[in-house]
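Asker: Take a look at this one; I'll ask things after.
Read-outs throughout are calculated quantities, based only on the coordinates presented, and are distinct from any laboratory measurement. Owing to the predicted nature of the structure, the values given are computational and were not obtained by experimental measurement. Cβ placement follows ideal geometry from the backbone for every residue including glycine, while neighbour counts extend to all protein chains displayed.
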Amino acid sequence: MKKQFLILNAIVLSLAISGSAMAATVLKLGHIAEPSNPYGQGADHFAQLVKEKSKGDIEIQVFPSSQLGTHKELIEGLIYGTVDMMLAGTAELGSFQPEVGLFDMPFLFKDRASAYKALDSVGMELAKPLAAKGVKLLGWMENGIRHMTNNIRPIKVPADVKGLKIRVQNNKTYVELIKALGGSPTPMALAELYSAMQAGVVDGQENPSAHIYTKRFYEVQKYASLTGHSYAAEPVLIGVSAWKKLKPEQQAIIQEAATESIAWQRKLSESEDTGFWDKIKATGKMEVIEVDKKPFQEATEVCYKDLPNAQKEFIARIRAAQ
């Protein structure tokens, strides 16, 4: 009887230890892209790295395609603790921390390498005040270089934008950019955009090639113009409440995996950019138009004139960091 009791105790203890070892820390990460989008792939790569580095102690559950909400809803989720992590758009994040939105200014960066330098230095500093609002920045992935599409006419010069209803993110920078070109900016969540273009609620939109292809916008848009009017970063964020629940060694793993994933994702995004345009052209449904960017740059310089002096100083620092 005593022997049976000892065996039973050993089994119970073994199960308890096994169960404890299996109880991983689970973090939910949301974003609005399709899984095939380069930053959607970046999220999955990050989750895999965390699993490997933590030996299964931390599990990142990724919810793509706005499953957990719009950008605004996801950011609010971080603040209130209903979402643990997200990949955000700088435009929407800028409504919570205005300086972050400065990275969306038209023609701010010379090229991708310049953007990376500025984001990894000044960008990390600009985002620090977010912590007081419940959001911690781990680094900057990439959404891509933004271009215009529409269903009315080819956009070859700024005057071609006049009168077009263009969907923009809920952000002053993009509203002013489209106004500067003579268009009618229409703020709208990305999840609503396909049906809005299909129904003619808006004439067009502006996004990187990855969204244009993976969201199948070429099915409801006739023309794409390679305006390259702004660069879109993709901040990797974690809620401060979720961060504080992690052990120091877990925090280190999360940060290390984020840093490695960002480098991996940026290379992927750049390499796939041309491929997305090739795939769009191959559908035969959308005309892709090369444009002279200089007139668009000149037309949108007005967006810089009315910035507060403090924000102009940040712009100067961003440019100096390139």
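Asker: Which whole-angstrom value gives the distance between the alpha carbon centres of segment 164-195 and segment 253-295?
Answerer: 21
Asker: Take the residue pairs LYS215/LYS281; LYS165/LYS222; LYS172/LYS312; LYS162/LYS312; LYS162/LYS222 and return only those whose Cα atoms are more than 20 Å apart.
Answerer: Beyond 20 Å between Cα atoms: LYS162/LYS312.
Asker: Taking θ = phi - 60°, what integer Hz values does the Karplus form 6.51 cos²θ - 1.76 cosθ + 1.60 yield along segment 277-287, in sequence order, with x for Gly and Pro?
Answerer: For segment 277-287, the Karplus curve yields 5, 4, 5, 5, 4, 5, 5, x, 9, 9, 7 Hz.
Asker: From the helices alone, meaning DSSP H stretches of at least four residues, give me the mean residue ellipticity at 222 nm for the chain, per-run term -39500 (n - 2.57), in deg cm²/dmol to the nearest 500. Display every interim value, and only then the final one.
Answerer: On the way: 13 runs with 145 residues, N = 322.
-13500 deg cm²/dmol, from helical runs alone.
Asker: Remind me, what semi-axes does the chain give for its equivalent ellipsoid, largest first in whole Å, using sqrt of 5 times each Cα gyration tensor eigenvalue?
Answerer: Details: eigenvalues 349, 97, 54 Å².
Working through the eigenvalues yields semi-axes of 42, 22, 16 Å.
Asker: So in the chain, what percent of DSSP beta bridges are antiparallel if you round to the nearest 5? Write down the numbers at each step before the final one.
Answerer: Numbers: 20 of 38 bridges.
Looking only at bridges with both residues in the chain, the antiparallel portion is about 55 percent.
Asker: Counting pairwise Cα distances across segment 250-322, what percent come out greater than 20 angstrom? Working shown, then result.
Answerer: Values: 1764 of 2628 pairs.
Result: 67 percent of Cα pairs exceed 20 Å.
Asker: Direction-averaged shadow area of the convex hull around the Cα atoms of segment 109-195, nm²?
Answerer: 7.4
Asker: Whole-Hz Karplus ³J(HN,Hα) for segment 196-207, in order, using 6.51 cos²θ - 1.76 cosθ + 1.60 and θ = phi - 60°, x for Gly and Pro?
Answerer: Couplings: 5, 5, 4, 8, x, 5, 10, 8, x, 7, 9, 6 Hz.
Asker: A further question follows. Assuming R0 = 22 Å, what is the FRET efficiency of ILE152 and ASP292, from their Cβ-Cβ distance, to the nearest 0.05?
Answerer: On the way: r = 20 Å, r/R0 = 0.93.
Plugging the Cβ-Cβ distance into 1/(1 + (r/R0)^6) gives 0.60.
Asker: Based on the mean of other beta carbon atoms within 10 Å per residue, what is the order of 201-212, 241-252, 222-233, most packed first? Can you show the working numbers first?
Answerer: Details: 201-212: 23.8, 241-252: 14.2, 222-233: 22.2.
Packing proxy ranking, top to bottom: 201-212, 222-233, 241-252.
Asker: If only Cα atoms are counted, what is the Rg of segment 56-127, and what is its Dmax, in Å?
Answerer: Reported Rg and Dmax, both Å: 14.4, 43.
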